[in-house]
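Structure first, commentary second.
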Amino acid sequence: MMWNPFKKKKSSVPIDTSHVPEVTDEMIDQMMRGSEGMPKVGMMQKIALKRLKKMDAKKRKEVFAQALSPKNIGENKEKMLEELEQMRASGQMNRKQYRIAKKRMGIK
């Protein structure tokens, strides 16, 4: 089952957002344009990015913290590594972006 960042879940456990970098509106715009070395995104990714841009900063940080949580990464580690490899092989991300993504997910 794929993780949906927009699905509301009832959780009494607070999410630790200390390890999550700040994602600004300008960064989201760059992702949507595909500028500054970022790969072009498809229609579904643009829709998701627009929804992220509409969120307030606190909620956006919680969404990224939940996506990058050790529990979520642990459950889907093999699949995430596969997708990272495919993105690197197809040219969607370069070696530096690949290393950064693995580091942020805690994968060595």
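Just so it is clear, none of the values below were taken in a lab; they were calculated from the coordinates. Source: prediction; values computed, not measured. Reconstructed Cβ throughout: ideal geometry from the backbone, glycine too, with neighbour counts over all protein chains shown.
The eigenvalues of the Cα gyration tensor, multiplied by 5 and square-rooted, give segment 29-108 an equivalent ellipsoid with semi-axes of 21, 19, 11 Å from largest to smallest. Measuring r between the beta carbons of R104 and K53 and using R0 = 25 Å, the FRET efficiency lands at 0.75.
Taking K and R as +1 and D and E as -1, what net charge do the other residues with C-beta under 14 Å from the C-beta of M43 add up to? Please list the in-between numbers first.
Working: positive: K40, K46, K50, R51; negative: none.
That works out to +4.
Counting only aspartates and glutamates at least 8 places from K61 when in the same chain, those with an alpha carbon closer than 16 Å to its own are D16, E22, D25, E26. For segment 68-108, the ratio of Cα radius of gyration to the globular rule of thumb 2.2 N^0.38 Å stands at 1.10.
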